Structures are given as C-alpha cells and as structure tokens.
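One structure below.
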Amino acid sequence: MPIKKSAKKALRQGLKHAIKNVKIKETIKELIKKSKKLIEAKDQSAADKIKATIKAIDQARQKGILKKNTGSRKKSRLMKKFNLMGK
C-alpha cells in the first residue's frame with residue numbers, strides 16, 4: 001500500500017479509471033454483439049446500430065481505452081460483415 005498522500009490519491013484515481021474503462025469496453029462488446037445479430041437477421045436497422053458502435057469505438061480510441069489498431073480492427077471486421085449482408 002502507498003505511504004505518501006499523493007500515491008494514495010493516485011491509487012484511488014487508478015481504481016476509478018479502471019472501473020470506468022472496463023464498463024466502456026463491456027458496452028462496446030455488447031454493441032458489437034447486437035450489431036452482429038442484426039446483420040445476421042438482415043435487419044434494416046443494422047446500419048444505425050453500426051454507426052453507434054463505430055462512434056463508441058472511436059470515442060474509446062480517443063480516450064486511450066482501446067489501442068488504435070484494436071479499434072480499427074473491430075470496425076473493419078464489423079463493416080466487412082455488414083457489406084457481405086447486402087450480397
């Protein structure tokens with residue numbers, strides 16, 4: 001455990017950020033799953049759900065929650081499935 005006051009504060013902040021980051025990652029995973037289900041069902045609302053998912057991924061990338069390539073990979077795979085839906 002930290003001894004100095006600033007180290008204690010840093011530990012508290014780190015725990016808060018970790019909890020928030022996990023929550024955001026879980027939200028992104030749920031959005032991706034829902035988007036994939038809509039794509040498989042060939043639902044017309046899939047495009048709107050994909051837009052929301054991509055927006056969430058981009059926001060997580062900007063905040064540093066997801067790495068750059070990870071976000072790009074997730075978006076690419078999602079769009080690839082969506083584009084195959086039309087064929």
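Averaging sequence separations of C-alpha pairs under 8 Å and six or more residues apart, then dividing by the length of the chain, give the relative contact order as a whole percent. Walk me through the numbers on the way to the answer.
Details: 42 pairs, mean separation 22.3, N = 87.
Normalised by residue count, the contact order of the chain is 26 percent.
Mean-square fluctuations from a GNM of the chain, with a 10 angstrom spring cutoff on Cα atoms, peak among 60, 52, 18 at 18.
Taking only protein heavy atoms into account and a 1.4 Å probe, give the accessible area per residue of the chain in Å².
Heavy-atom accessible area per residue stands at 81 Å².
Ordering 52, 66, 24 by Cα displacement along the dipole of region 10-87 toward the positive end leaves 66 in first place; charges were set at the Cβ atoms of Lys, Arg (+1) and Asp, Glu (-1). Quick check: the angle from helix 5-40's long axis to the longest principal axis of the chain, C-alpha only, nearest 10 degrees? On a 0 to 90 degree scale, this one is about 10.
Within the set of other residues whose C-beta is less than 12 Å from the C-beta of residue 29, count the net charge using Lys and Arg as +1 and Asp and Glu as -1.
On the way: positive: 23, 25, 33, 34, 36, 74; negative: 26, 30.
Net charge around residue 29: +4.
Charge dipole of the chain (Cα centre as origin; +1 on each Lys and Arg Cβ, -1 on each Asp and Glu Cβ, all else neutral): 460 debye, rounded to the nearest 20. Computed from label points 7 Å out along Cα-Cβ, the spacing between residue 70 and residue 43 is 2.7 nm. Considering only 36, 55, 16, the mean-square fluctuation computed in a Gaussian network model of the chain, springs between alpha carbons under 10 angstrom, is largest for 16. Of the residues 3, 15, 76, the one whose Cα sits farthest toward the positive end of the charge dipole of the chain, with +1 on the Cβ of Lys and Arg and -1 on the Cβ of Asp and Glu, is 3.
In the chain, the portion of solvent-accessible area held by carbon and sulfur atoms comes to 55 percent [1.4 Å probe, whole percent, DNA, RNA and ligands not counted].
The values are calculated or read from the model by the stated rules, or taken from the named source; none is laboratory data. A quick note: this is a predicted structure, and the numbers were derived from the prediction, not measured. Cβ atoms come from the backbone with ideal geometry, glycine included; neighbour counts cover every protein chain shown. We work out accessible area using only protein heavy atoms, side chains counted, and drop any ligands, DNA or RNA first. Shrake-Rupley method; radii C 1.70, N 1.55, O 1.52, S 1.80 Å.
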